[in-house]
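The values are calculated or read from the model by the stated rules, or taken from the named source; none is laboratory data. Given the structure is predicted, the values throughout are model-derived calculations rather than measurements. A quick note on method: Cβ atoms are made from the backbone with ideal geometry, for glycine too, and the neighbour counts reach across all protein chains shown.
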Amino acid sequence: MNIAKQILMNIKKIAVVLLNYNGRKHLQTFLPSVVQHSALPDVEIWLVDNASQDDSVVFVQAEYPQIRIVQLDNNYGFSGGYNRGLKEISASYFVLLNTDVEVTDNWLSPIVEYLDNNQDVAACQPKILSYNEKSTFEHAGAAGGFIDYLGYPFCRGRIIDTIEKDYGQYNNVIDVFWATGACLFIRSEVFFETGGFDDNFFAHMEEIDLCWRLKTRGKRIACIPQSVVYHLGGGTLNKENPHKTYLNYRNNLLMLYKNMPTKALKKALLMRFLMDYASAFVMLVSGKPHDAKAVVKARIDFKKIKKEYKTQRKENLEASTMLVHEEICRKSLVFNYYLSKKKIFSDYFPEI
């Protein structure tokens, strides 16, 4: 048997890949569940390290020698870190897993089986519950991601800041618009064919941007609630961090510009101009001047760098085979949430 064949035979079907930056504390807490519940013959666990300054890599090498490590030379964020790290990993399916996620018994099998049996599905996510309140959905993903026509993301189980209890109401498998980067199952071939994450995003919205590209190319994305994980959330940038506010607003606008058809984009950008500055004003009078400044800076920077994305926008639209998506809500999430008090998922998609 030649070396090439041996290498091919050693390639695992599933690579569970954790991206780390100074995350010793999270690794110590959450790695035990990942190792315990991922111990299958066709699974390999990887750590991609964004040039951590703590001893997290040394800790993993000492405590979990079976985990393979890719060490990067700089902190490239979520987007760039995964883009670079995944190039070093061979597997049929990548499972991108945050370091602050506790997985459960049999968490891999339901989703892998679904991908095996549905070749038109490019990516999936499990049901994401809160690590601290295990009967409650978690903000970043819940039971599958959706978006409204102005670009505001929400989840089955989470509308803006209202998070539902899990009563089993979302235990059916459904197609979604985006799958959370906190626990993203994706075909490796599709990840690279579609260009991976946008390096310039650094963090936040990159998985929605990628999923939008997948959807417009006719690929399906699904939530498989028979797989359950618990997410701590806010492990890198907590909710109140102004830099997180900046990234969310800037990246959301870039995502719209890159992917939305021209007629819809003109309307969305006009409405978002008004709504973003209104949000900044509310933040200012609410005693959050740094967040208000972050929103304004995000809009200014979006205007500056938008021209750099003209080629990407053209390529995305030319590659699109589907422009209308049932998972895009035709109602305004913000207006309905604050004015009409529609605060649960069934208010927007009663049939799902």
I'd like the full set of residues that are assigned to a strand (DSSP E or B) and more than 18 Å from residue 30 (Cα to Cα), limited to region 50-95. 70, 71, 91, 92, 93, 94
Counting only residues that are more than 16 Å from the chain's Cα centre (by Cα) and in a loop (DSSP other than H, G, I, E, B), region 96-106 contains a total of 3
Every pair of residues 6+ apart whose Cβ atoms lie under 8 Å, when the first sits in region 16-37 and is of a type in the set (Val, Ile, Thr) while the second is in a helix (DSSP H, G or I): 16/34; 17/82; 17/85; 17/86
By residue number, the members of region 296-333 that are in contact with a strand residue (DSSP E or B) (Cβ under 8 Å, 6 or more places away or on another chain) and among the aliphatic types (A, V, I, L, M) are 328, 333
In region 318-352, what residues are in contact with a helix residue (DSSP H, G or I) (Cβ under 8 Å, 6 or more places away or on another chain) and assigned to a helix (DSSP H, G or I)? 319, 334, 336, 347
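Results for (1) over 23 Å from the mean Cα position of the chain (by Cα); (2) assigned by TED's automatic domain parsing to the domain that holds residue 214; (3) exposed (fewer than 13 other Cβ atoms within 10 Å of the Cβ), shown as yes or no for each residue.
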| position | (1), (2), (3) |
| --- | --- |
| 262 | yes, no, yes |
| 276 | no, no, no |
| 289 | yes, no, no |
| 301 | no, no, no |
| 304 | yes, no, yes |
| 312 | no, no, no |
| 317 | no, no, no |
| 343 | no, no, no |
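Filter region 319-330 down to the residues that are crowded, with 16+ Cβ neighbours inside 10 Å and at pLDDT below 95 and list them by number. Show your work before the answer.
First, pick out the residues of region 319-330 that are crowded, with 16+ Cβ neighbours inside 10 Å: 320, 327-329.
Matches in region 319-330: 320 only.
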Filter result for the condition that a residue is part of a loop (DSSP other than H, G, I, E, B), more than 17 Å from residue 86 (Cβ to Cβ) and among the aliphatic types (A, V, I, L, M), over 203, 140: 140
Every pair of residues 6+ apart whose Cβ atoms lie under 8 Å, when the first sits in region 229-243 and is on the phi < 0 side of the Ramachandran plot while the second is modelled with pLDDT under 85: 243/237
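Report whether or not residue 230 is modelled with pLDDT of 95 or more and either touching a Leu at 6+ places or on another chain (Cβ under 6 Å) or of a type in the set (Asp, Glu) (or both). Let's see the steps before the verdict.
Details: modelled with pLDDT of 95 or more: yes; either touching a Leu at 6+ places or on another chain (Cβ under 6 Å) or of a type in the set (Asp, Glu) (or both): yes.
Yes.
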Against the conditions (1) more than 16 Å from residue 33 (Cα to Cα); (2) more than 16 Å from the chain's Cα centre (by Cα), where does residue 109 fall short? Just the number, please. (1)
